[in-house]
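Asker: Got a structure here, written out as structure tokens. Questions coming.
The values are calculated or read from the model by the stated rules, or taken from the named source; none is laboratory data. All of these numbers come straight from a predicted model, not from anything done at the bench. When we count neighbours, we look across all protein chains shown, and the Cβ atoms used for this are built from the backbone with ideal geometry, even at glycine. All accessible areas refer to the heavy atoms of the entire protein, side chains included, with ligands and DNA or RNA removed. Shrake-Rupley method; radii C 1.70, N 1.55, O 1.52, S 1.80 Å.
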Amino acid sequence: MLTKFETKSNRVKGLSFHSKRPWILASLHSGVVQLWDYRMGTLIDRFDEHDGPVRGVHFHKSQPLFVSGGDDYKIKVWNYKLHRCLFTLLGHLDYIRTVQFHHENPWIVSASDDHTIRIWNWQSRTCISVLTGHNHYVMCASFHPKEDLVVSASLDQTVRVWDIGALRKKTVSPADDIMRLSQMNTDFFGGVDAVVKYVLEGHDRGVNWASFHPTLPLIVSGADDRQVKIWRMNDTKAWEVDTLRGHMNNVSCVLFHSRQDIIVSNSEDKSIRVWDATKRTGLQTFRREHDRFWILAAHPEINLLAAGHDTGMIVFKLERERPAFSLSGDSLFYVKDRFLRAFEYSTQKDTQLIPIRRPGSNTLNQGPRTLSYSPTENAVLVCSDIDGGSYELYVVPKDSYGRGDMVQEAKRGVGGSAVFVARNRFAVLEKSSNQVLVKNLKNEIVKKSPLPIATDAVFYAGTGNLLCRAEDKVVIFDLQQRIVLGDLQTSFVRYVVWSQDMESVALLSKHSIIIADKKLVHRCTLHETIRVKSGAWDDHGVFIYTTLTHIKYCLPNGDNGIIKTLDVPVYITKIYGNTIFCLDRDGKNRPIIIDSTEYIFKLSLLRKRYDQVMSMIKNSELCGQAMIAYLQQKGFPQVALYFVKDERTRFNLALESGNIEKALESAKKIDEKDHWYRLGVEALRQGNTGIVEYAYQRTKNFERLSFHYLITGNLDKLSKMMKIAEVKNDVMGQFHDALYLGDVRERIKILENAGHLPLAYITASVHGLHDIAERLAGELGDNVPSLPEGRKASLLIPPSPALCAGDWPLLMVSKGIFEGGLDDTGSGAQEDYEEAADADWGEALDIGEVDSIQNGDISMVLEDEHVHEENEEEGGWDLEDLDLPPDADTPKNTQNARSSVFVAPTPGMPVSQIWVQRSSLAAEHAAAGNFDTAMRLLSRQLGIKNFSPLKSLFIDLHMGSQTYLRAFTSAPVISVAVERGWSESASPNVRGPPALVFNFSQLEEKLKVGYKATTAGKFSEALKHFLAILHTIPLIVVETRGEVNEVKELITIVKEYVLGLQMELKRRELKDNPVRQQELAAYFTHCSLQIPHKRLALQNAMTVCFKAQNLSTAAHFARQLLETNPSNENQARTARQVLQAAERNMRDATQLNYDFRNPFVMCGATYVPIYRGQKDVTCPYCSTHFVPAQQGQICNVCDLAVVGSDASGLLCSPSQIR
Amino acid sequence: MAALAGGPDPLFGLRNSFYIGAYQAAINNSEIPNLSPDDVVERDSLVYRSYIALGSYQLVINEIDSSAATPLQAVKLLAWYLSSPENKEMTISSLHEWLEDPAIGNNPVLRLVAGIIFTHEQDYNEALKYTNAGGTMELHALNVQIFLKMHRSDYAEKQLRVMQQIDEDHTLTQLANAWLNLAVGGSKIQEAFLIFQDFSEKYQMTSLILNGKAVCCMHKGEFDEAELLLLEALNKDAKDPETLANLVVCGLHLGKSSSRYLSQLKLSNQDHILVKRASNAEESFDKAVHAFA
């Protein structure tokens, strides 16, 4: 049992789940109805209007209503949104035991101690039917979930099933509603709209509870005889099926589980029991120490149950619903029902792999908890809680996906948890001794290693490493080095999710997530009020996780937020861009598309990828107060600026980021004194006098403005200010301005006008304006003030400022990349700043150098000290050396003893020797390095005597037959023989033939190259290629007989070309022998060539003969050329012209040794035709013909074999030998 | 069975780096605090052997003075042997001398060095005389290699079983397993490949590991793949003789010109087995032709 929520209260008598929200109603013996949020664990509301215990309570399926019934005989209908009771239904004459809404009609059924069941219409607020028949308290009554039936249980020891079909018919004809009301009274006793269908007798004591099966025609009941009975019914009758015995006291409530084939009952014996509904055996019992159970409720949609007892209630689940899964590359492996399945993300294909052992049905919660998969071995570890923790190892056969229903015999073992730590190793936690056993795929222990902390589970942490979990911490333990690589204090970690690159790990606890790196260095911690369920890393290093209710993200710095709300809990398995793949509780793979803009944006900001940030600002719809607040908080007011439409916010952000232009823009729009003032302050700070002036003007702050003009030396405006002050009658301002301007007359005038005549007089006289002074003295008369003696007065004129025009040098505001990119203005100014910055850097570097020199000195001093120390140590070492010899004495004897026994094995046979023994193929001998035998073979088979052209081929074959493996450091390398035709199923230790560097396809490629060179007229190059082919063929090995024929064919083709090209080259050498030239050209046409080459040869011969006036022969070639249907129109035209010219004069100027009517072959050495019937000899290899005189010479064409020698023929395939 | 249980091993990383051919890493990470005196000697010998593997023989010869511990002296001897082939008789005679000294003759490092030197001399009987008794994983691994050189994979397999019993997951056991797998061929090639693959996932990629993978690929007939791996290895160490040698072989099979690699190898490492093979082949070809004529 997995308890999800518990309350402490008075005795709970009634319970009801809300169908959509995570709410449960609990009605208490004290008369209170409580509304709880079981997910958050908070009391939402309490309803306290009943007098005495409230025994029945029920939520309406869709309306914000619930109904309650209590010992005050009242049925109350409440609206939980309005927090009040809407109305009360009166009619029962005793305690009310249960109340229930109908699933579609506006009805409530209630059971009461007054022996009746009543059905109420809560819309008309009337009782529409009274079901009488029980002759004791009716303990419960409920509607059938689909049919027009009611089941009731009573202390009269019976369960009754009522047919209310008539009632429904009555309500669907609403025309005579009034009539029905009056009729109701007549039906009141022994009414006909609800009749007893079956009376189920069998319990020996009062029945406390009866309920329908959600889909099958079954009823389950529980009674004071401590028994639970199962009843079946059909259209005509109902009968008892079985009895479940086990409760030690009155059974208070019992119901069928809606999703599993089980029955849940509870009792006053303080236990909840779970029964198998098919086998009718007890599965599990949960006991409480002191509390008798009174009521059970099942959630209508999800797998939750609730039970009420003497001191509160519990909300619980019977089984874990998280499917066990494991991720590997593109595939997800998971367990559904009793099958291991694989889901491929790229194709979204779901395959059933193998059946696995079904957990024994006599226990709950024994299904697979975790999976671990090894991709190379295709092996799966399935861990479950069976036997207090055990694992099963299955190997998935590669080919028989989904076939067969046979459960393969898995390798089993006991252990807290088991995970693969390497391709073919898995670690099993042995809790009792707190050590980990490393096992191989045969389930044999390879290694044992004690764990550094008291561990209750292990997780994968990279190859060879384990993440060990204890109550309050996790450590990463290296199994090979046996050292702790990192540890971290955490709350109890439930799941561990590694990022793809294994650099980051997320540790999921019930209510928190810790992100750490691979050494478990803490990065950030998140706390969630809602249970954390699952998570996965996306490609950008953002951790996406689910809680019960939301999909959320967590950035590397710990910033998190909501991506999406969830209806039902899901388990994230993998993230591909915007698609999140999850498993739901039914084991279905679901892709969920999310909008990743927000977190990608934040991530880009965090990573300072401003280019991305900018493009996102430009292209996507990102806004909202939350984003602005985030940006401000993270110190990016300048970015936030671009999201904001509200001018005040814009203004604030602009000021914050020092963007004075934007602030000015906003200030103009807002146009409020306060904003102008703040703009002025900021502008002054930056030194932007223009804006300062503007701001002062807007705020009509004349004093500041005057002073500003003074400072900036703007005397024109200052004098204007004076005039304004005069107009405004601001004497003091006017005086100030005059003072600033150094305008004495003005000052005097002001003083005079203001009535300060003595002051005006003094001013005038001090500054030597005697005429005015005298005039004033006259006005003052006797009151002329006396001037101090001996002081020389001078006119106070402010010094003119250094800079009069334009702005002052502006304060450097750090302008982000955003402004550069988003504003086109002001980019020039920005460049200046950058230059300045560069200059600074240069200096900084200088400083750094100075530092490093100093450091160097210091370290040198340090080194000196080291040297001293080392010397001292060496003295110590000498002493130890003396001690050493006696220690080492003893083992020497043992070594001697061992070595006397040991006899070194005789060296084995090198692979190359094996090759030689097996083969009669020259190439394989050459590869093995046995050149002499290879030569002998070639000589025997092909009559080859001249090996010098084959030298490099032999050596290449030999070199290519071995690879080099550096094994033990500093020891000589191992050379390893390479074999041909490797396949994964080849058995080891059986030597295959050597791998050869030449193969047939290479020759075919070469042939094409040769053709191309011929076409291009590069004859000597072409000849080289063809000869190379001819030389390689003796060392070719092919597999099939068909290929052997191809090889033989190739010899003929190439031979013809070689011969032809040799003749053509010879012809070109012969400049002064036109007859021989013609002959050779003519012979060339008799070599079997490719059609285009043939055409060229014919054209060539034709031209040569035509030029030599051998028109008849030329005509012959022209005819032949035309017979080939040349595609080249030029060729055809020339041929036709030759033909025409020749026909006019059909004769040859010179006699040629060439009779095309008489079939002949060419001699390969002398290039004379050997006509049919004449004697000839052939080359045993390339089968070129020769005149008999050439017998015993090296073949002129292939340059390998001896003409006319005996040979057994080409052997180039093992298939020829078999 | 000592390996089945035990405390943390401070030299593990260093040893591991050395075995998989990450010599510079071994040298760089040799500053390990709190070592026991024995561990210090082992650490030093590993570091010096790493220098030897990198070809810095003179540094080793200079730094180890006559008062150093036996293992280090043995390492110095190895450096001597490898640095001056012309004086190898002298080196070998002093090696014999030391081996006969009962006080130090049984030192595993000395025996190991003896095994290595005699293997170089192709005197496998003499090498096995000192190494067959085993005692350290390194000696066992060397035994495997010597048996493979003798084409006795049956003995090599027995030796490997011994290693597997001691510690199946030991780096040397895994490596020796891969060597043996390559030598016996067939389906074992794939296993060898997986072993190298595991190493490349677990530890840093070294040219030794890359070469191992490439050799497996070549044996599987996947020469294109092998070439990629070898070029990657060449990027890591442009002078590694095995990389060059294997590139030559690979090039031959791909029909590409590999003469540059060959001449590079000839220049840098004229004693390499491939170079020797090439010159031997030429000689024996000429001899065969001569005999034939």
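Asker: What are the semi-axes of the equivalent ellipsoid for segment A:639-788, taken as the square roots of 5 times the Cα gyration tensor eigenvalues, largest first, in whole Å?
Answerer: Ellipsoid half-lengths, sorted descending, are 46, 13, 10 Å.
Asker: Semi-axes of the equivalent ellipsoid for segment A:471-617, please: Cα gyration tensor eigenvalues, times 5, square-rooted, ordered largest first, whole Å.
Answerer: 25, 20, 14
Asker: In the full protein assembly as shown, how much of A:Lys634 is accessible to a 1.4 Å probe, in Å² to the nearest 10?
Answerer: The accessible area comes out at roughly 70 Å².
Asker: Mind grabbing the interface size between A and B? I mean buried accessible area, both sides, 1.4 Å probe, in Å² to the nearest hundred.
Answerer: When A and B are taken together, about 7700 Å² of accessible area is lost.
Asker: On to the next question. Over 19 Å apart: what share of the alpha carbon pairs of segment A:1112-1163 falls there, rounded to a whole percent?
Answerer: When every Cα pair of segment A:1112-1163 is considered, 36 percent fall beyond 19 Å.
Asker: Restricting things to alpha carbons, tell me how big segment A:716-772 is in terms of Rg and Dmax, in Å.
Answerer: Rg, Dmax (Cα atoms, Å): 11.0, 30.
Asker: Throw me the Rg/Rh for segment B:65-143, computed over C-alpha atoms with Kirkwood Rh, two decimals.
Answerer: In segment B:65-143, Rg relative to Rh is 0.93.
Asker: Hey, what's the Cα Rg ratio for segment A:1161-1206 versus the globular rule of thumb, 2.2 N^0.38 Å?
Answerer: Cα-based Rg divided by the globular estimate yields 0.97.
Asker: Take every Cα pair under 8 Å in segment A:1112-1167 that's 6+ residues apart, average their separations, divide by the length, and report that relative contact order as a whole percent.
Answerer: Across segment A:1112-1167, relative contact order equals 40 percent.
Asker: Could you please report the charge total around A:Thr573, scoring K, R as +1 and D, E as -1 over all other residues with beta-carbon less than 14 angstrom from its beta-carbon?
Answerer: +3
Asker: Still on this structure, please answer the following. Segment A:1-106: percent of C-alpha pairs farther apart than 15 Å?
Answerer: Pairs farther apart than 15 Å: 59 percent.
Asker: Please give the net charge around A:Ile530, taking every other residue with its beta carbon less than 13 angstrom from that of A:Ile530, where Lys and Arg add +1 and Asp and Glu add -1.
Answerer: Summing Lys/Arg as +1 and Asp/Glu as -1 gives +4.
Asker: Next up: Can you give the log10 of the normalised intensity I(q)/I(0) at q = 0.15, 0.17, 0.19, 0.21 Å⁻¹, computed with Debye over equal Cα scatterers of segment A:943-1018?
Answerer: -0.81, -0.92, -1.01, -1.08
Asker: Using a 1.4 Å probe and counting only protein heavy atoms, arrange A:Ile617, A:Ile1033 so the residue with the most accessible area comes first.
Answerer: So, going from the largest accessible area down, we get A:Ile617, A:Ile1033.
Asker: Starting from the coordinates of the alpha-carbon atoms of segment A:1041-1188, obtain the Kirkwood hydrodynamic radius over all distinct pairs and give the value in Å to one decimal.
Answerer: 16.1 Å is the Kirkwood radius here.
Asker: Continuing with this model, one more query. For segment A:625-676, what is the Kirkwood estimate of the hydrodynamic radius, computed as the reciprocal of the mean inverse distance between distinct Cα atoms, to one decimal in Å?
Answerer: Answer for segment A:625-676: a Kirkwood hydrodynamic radius of 10.7 Å.
Asker: Compute the normalised compactness of segment A:641-713: alpha-carbon radius of gyration over 2.2 N^0.38 Å, N being the residue count.
Answerer: Scaled against compact globular proteins, the figure is 1.07.
Asker: How large is the convex hull of the C-alpha atoms of chain B per residue, in Å³?
Answerer: 162 Å³
Asker: Distance between Cα centroids, segment B:254-293 to segment B:77-122: provide it in whole Å.
Answerer: Value for the Cα centre distance between the two parts: 30 Å.
Asker: At 1.4 Å probe size, what's the solvent-accessible area of A:Val1168? Round to the nearest 10 Å².
Answerer: Solvent-accessible area, nearest 10 Å²: 40 Å².
Asker: How much of the accessible area of segment A:572-730, in percent, comes from carbon and sulfur atoms when a 1.4 Å probe is used?
Answerer: Roughly 50 percent of what the probe reaches on segment A:572-730 is carbon or sulfur.
Asker: Now for a different question. Which order do A:Asp330, A:Asp586 take by accessible area at a 1.4 Å probe, largest first?
Answerer: The residues order as A:Asp586, A:Asp330, largest area first.
Asker: Rounded to a whole number, what % of the accessible area of segment B:148-293 do carbon and sulfur atoms account for, probe 1.4 Å?
Answerer: Taking all protein chains in place, segment B:148-293 shows 47 percent carbon and sulfur surface.
Asker: Here's another thing I want to ask about it. Could you please tell me the mean projected area of the C-alpha convex hull for segment A:689-745, averaged over all directions and given in square nanometres to one decimal?
Answerer: 3.5 nm²
Asker: Tell me the Rg and the Dmax, in Å, that the Cα atoms of chain A produce.
Answerer: For chain A, the Cα-based Rg and Dmax read 52.3, 166 Å.
Asker: Still on this model: Quickly work out the A:Asn1158-to-A:Leu787 label distance, labels modelled 7 Å from Cα along the C-beta direction, and quote it in nm with one decimal.
Answerer: In this crude label model, A:Leu787 to A:Asn1158 measures out at 15.1 nm.
Asker: Please compute the modelled spin-label separation between A:Leu606 and A:Asp37, points set 7 Å along Cα→Cβ, answer in nm with one decimal.
Answerer: In this crude label model, A:Asp37 to A:Leu606 measures out at 2.7 nm.
Asker: Let me ask another. What does the convex hull of the Cα atoms come to per residue for segment A:254-395, in Å³?
Answerer: Spelled out: Cα convex hull of segment A:254-395, divided by residues, is 131 Å³.
Asker: Just to make sure I understand: if all protein chains stay in place, what is the order of B:Trp98, A:Trp120, A:Trp36 by accessible area at 1.4 Å, largest first?
Answerer: The ranking, largest first, comes out as B:Trp98, A:Trp36, A:Trp120.
Asker: Could you calculate the contour length gain from A:Asn234 to A:Leu216, that is, 0.36 nm times the residue separation minus the distance between their Cα atoms, to one decimal place in nm?
Answerer: 5.5 nm
Asker: With viscosity set to 0.692 mPa s at 37 °C, what whole-number translational diffusion coefficient in µm²/s follows for segment A:1131-1210 from Stokes-Einstein and a Kirkwood radius over Cα pairs?
Answerer: 219 µm²/s
Asker: Still on this model: Over chain A, what is the mean sequence separation of C-alpha contacts under 8 Å (at least six apart), divided by residue count, expressed as relative contact order in percent?
Answerer: After rounding, I find 3 percent.
Asker: Okay, next question. So for segment A:597-722, considering every pair of alpha-carbon atoms, how many percent are separated by more than 21 Å?
Answerer: The share of Cα pairs beyond 21 Å in segment A:597-722 comes to 49 percent.
Asker: Taking a cut-off of 23 Å between Cα atoms, list the lysines near A:Lys8, but don't count ones fewer than 8 places away on the same chain.
Answerer: Within reach: A:Lys270, A:Lys317, A:Lys510.
Asker: On to the next question. Please list, or write none, the lysines whose alpha carbon is within less than 21 Å of the alpha carbon of B:Lys149, excluding same-chain residues fewer than 8 places away.
Answerer: Reachable lysines: B:Lys129, B:Lys158, B:Lys188, B:Lys213, B:Lys276.
Asker: Here is the link list: A:Lys398/B:Lys236; A:Lys439/A:Lys519; A:Lys336/A:Lys439; A:Lys74/A:Lys564; B:Lys76/B:Lys236; A:Lys431/A:Lys518. Which ones come out longer than 32 Å on Cα distance?
Answerer: Exceeds cut-off: A:Lys398/B:Lys236; A:Lys74/A:Lys564.
Asker: For helix A:1074-1084, what angle does its Cα long axis make with the longest principal axis of chain A, in degrees from 0 to 90 and rounded to 10?
Answerer: 50 degrees
Asker: Same structure, new question: How large is the translational diffusion coefficient of segment A:377-535 in µm² per second when you combine the Kirkwood radius over alpha carbon pairs with Stokes-Einstein at 4 °C and 1.567 mPa s?
Answerer: Translational diffusion coefficient: 78 µm²/s.
Asker: If one puts a single equal scatterer on every Cα of segment B:137-210 and applies the Debye formula without solvent, what log₁₀ I(q)/I(0) results at q = 0.13, 0.22, 0.26, 0.27 Å⁻¹?
Answerer: So the normalised log intensities work out to -0.34, -0.96, -1.23, -1.27.
Asker: Rounded to whole Å and sorted largest first, what semi-axes of the equivalent ellipsoid does the C-alpha gyration tensor of segment A:976-1096 yield via the square root of 5 times each eigenvalue?
Answerer: Equivalent ellipsoid semi-axes, largest first: 39, 13, 11 Å.
Asker: Add -39500 (n - 2.57) for each DSSP H run of 4 or more in chain A, then divide by its residues: what number comes out at 222 nm, to the nearest 500 deg cm²/dmol?
Answerer: Calculated at 222 nm, the ellipticity per residue is -10500 deg cm²/dmol.
Asker: Still on this model: Restricting things to Cα coordinates, could you compute the convex hull volume per residue of segment B:174-293 in Å³?
Answerer: Convex hull volume per residue, Cα atoms: 126 Å³.
Asker: What accessible surface, in Å², does a 1.4 Å probe find on A:Lys1094, ignoring ligands, DNA and RNA and rounding to the nearest 10?
Answerer: About 50 Å², rounded to the nearest 10.
Asker: Can you work out D for segment B:98-251 in µm² s⁻¹ from Stokes-Einstein, where Rh is the Kirkwood radius over C-alpha pairs, the temperature is 37 °C and the viscosity is 0.692 mPa s?
Answerer: Approximately 201 µm²/s, per Stokes-Einstein.
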